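A.B. asks: This structure is in structure tokens; I'll ask about it shortly.
The values are calculated or read from the model by the stated rules, or taken from the named source; none is laboratory data. These figures come from a predicted structure and were not determined experimentally. Here the Cβ positions follow ideal geometry from the backbone for every residue, glycine too, while neighbour counts run over all protein chains shown.
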Amino acid sequence: MSNGAKPLYCIDTNSLMDWQARYYPTDIFPGMLSRMDQLVSEDRLVAPALVREEVEAVGAPELVAWVKAHRNMFVPNADVLAGALAIQHRFPGLLDPRATYEEADAYLIALAQRTPNGIVVTQETPASEKSRAKRSHYIPDVCREMGIPCISILGLMRKEGWAF
């Protein structure tokens, strides 16, 4: 991001869920809602369509409604498919062997990879920080190996200079 351009945040399902349902609920942090809306309106908060599908399947009603109201932030999976497949091939340990649906992780990383200002936003922790990692790679592991910045939702708030 040495080019001075603003970051493009590629957000994971768990970060959206942690924002609204776990750590920063909109009834306590109403300013967070308007700031996230602003990032979307500036085309600086994006996600692959698989993230929208995951939220719609398991998200809290308020988050599902927010996602449906911000459909423009979701990039068609086909737009990042080639990059996602390359990442899955290079890092087979990223895939959860027990998953019964297509996972968004590789698509999320591929989306961030396609822009020089892409930053992955996820709540996942690296495999080395887990007491019993079920896979060899998680999003932060792949991002580190690929040289893609990876932060949490709190990291996004700090990077943007938000205070509540």
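A.B. asks: Can you tell me which residue in segment 2-18 is nearest to the chain's Cα centre (by Cα), limited to those that are modelled with pLDDT under 90 and on the phi < 0 side of the Ramachandran plot?
C.D. replies: Within segment 2-18, the match that is nearest to the chain's Cα centre (by Cα) is Ala5.
A.B. asks: Related question: Identify the single condition in (1) surrounded by 13 or more Cβ atoms within 10 Å (Cβ to Cβ); (2) within 25 Å of Lys159 (Cα to Cα) that Asp43 does not satisfy, given that it satisfies every other one.
C.D. replies: Going through the list (1) surrounded by 13 or more Cβ atoms within 10 Å (Cβ to Cβ); (2) within 25 Å of Lys159 (Cα to Cα), Asp43 breaks only (1).
A.B. asks: Determine which member of the set Glu145, Glu103 is part of a helix (DSSP H, G or I), in contact (Cβ under 8 Å) with a residue 24 or more places away in the chain and of a type in the set (Asp, Glu).
C.D. replies: Going through Glu145, Glu103 in turn, the sole match is Glu145.
A.B. asks: Among the residues in segment 86-94, are any more than 27 Å from Leu39 (Cβ to Cβ), more than 12 Å from the chain's Cα centre (by Cα), assigned to a helix (DSSP H, G or I) and among the charged types (D, E, K, R)?
C.D. replies: Looking through segment 86-94, at least one residue is more than 27 Å from Leu39 (Cβ to Cβ), more than 12 Å from the chain's Cα centre (by Cα), assigned to a helix (DSSP H, G or I) and among the charged types (D, E, K, R).
A.B. asks: With the requirement that a residue be part of a helix (DSSP H, G or I), of a type outside the set (A, V, I, L, M) and closer than 23 Å to Ala104 by Cβ, what does segment 4-34 give you?
C.D. replies: Across segment 4-34, the qualifying residues are Thr13, Asn14, Ser15, Asp18, Trp19, Gln20, Arg22, Tyr23.
A.B. asks: Moving to a separate point now. In segment 8-40, which residue that is closer than 29 Å to Ala78 by Cα and of a type in the set (Val, Ile, Thr) is surrounded by the fewest Cβ atoms within 10 Å (Cβ to Cβ)?
C.D. replies: Going through the qualifying residues, I end up with Val40.
A.B. asks: Which members of segment 118-136 meet the condition of being out of contact with any strand residue (DSSP E or B) (no Cβ under 6 Å at 6 or more places or on another chain), outside any helix (DSSP H, G or I) and not acidic (Asp, Glu)?
C.D. replies: Thr122, Gln123, Thr125, Pro126, Lys130, Ser131, Arg132, Ala133, Lys134, Arg135, Ser136
A.B. asks: Which of the residues that make up segment 81-130 are surrounded by fewer than 22 Cβ atoms within 10 Å (Cβ to Cβ), within 19 Å of Val46 (Cα to Cα) and hydroxyl-bearing (Ser, Thr, Tyr)?
C.D. replies: The answer is Thr115, and nothing else.
A.B. asks: Now, a different point. Which residue pairs have Cβ atoms under 7 Å apart, sit 6 or more places apart or on different chains, and have a first residue in segment 49-70 that is surrounded by 12 or more Cβ atoms within 10 Å (Cβ to Cβ) and a second that is charged (D, E, K, R)?
C.D. replies: Leu50/Glu102; Val51/Asp12; Val64/Glu56; Val67/Arg52; Val67/Glu56
A.B. asks: If Val46 satisfies every condition in (1) assigned to a helix (DSSP H, G or I); (2) within 19 Å of Ile151 (Cα to Cα); (3) aliphatic (A, V, I, L, M); (4) at pLDDT 95 or above but one, which is the exception?
C.D. replies: Result: Val46 passes all but (1).
A.B. asks: Test Ala127 against the stated conditions and say whether it is touching a residue at least 40 places away in the same chain (Cβ under 8 Å) and within 24 Å of Gly155 (Cα to Cα).
C.D. replies: Criteria not met by Ala127.
A.B. asks: Looking at (1) assigned to a helix (DSSP H, G or I); (2) of a type in the set (Phe, Trp, Tyr); (3) touching a Gly at 6+ places or on another chain (Cβ under 8 Å), can you tell me which one Trp162 breaks?
C.D. replies: Exception for Trp162: condition (1).
A.B. asks: Checking Thr115 against (1) in contact (Cβ under 8 Å) with a residue 40 or more places away in the chain; (2) assigned to a helix (DSSP H, G or I); (3) farther than 17 Å from Ser15 by Cβ; (4) among the hydroxyl-bearing types (Ser, Thr, Tyr), which test does it fail?
C.D. replies: Result: Thr115 fails condition (2) only.
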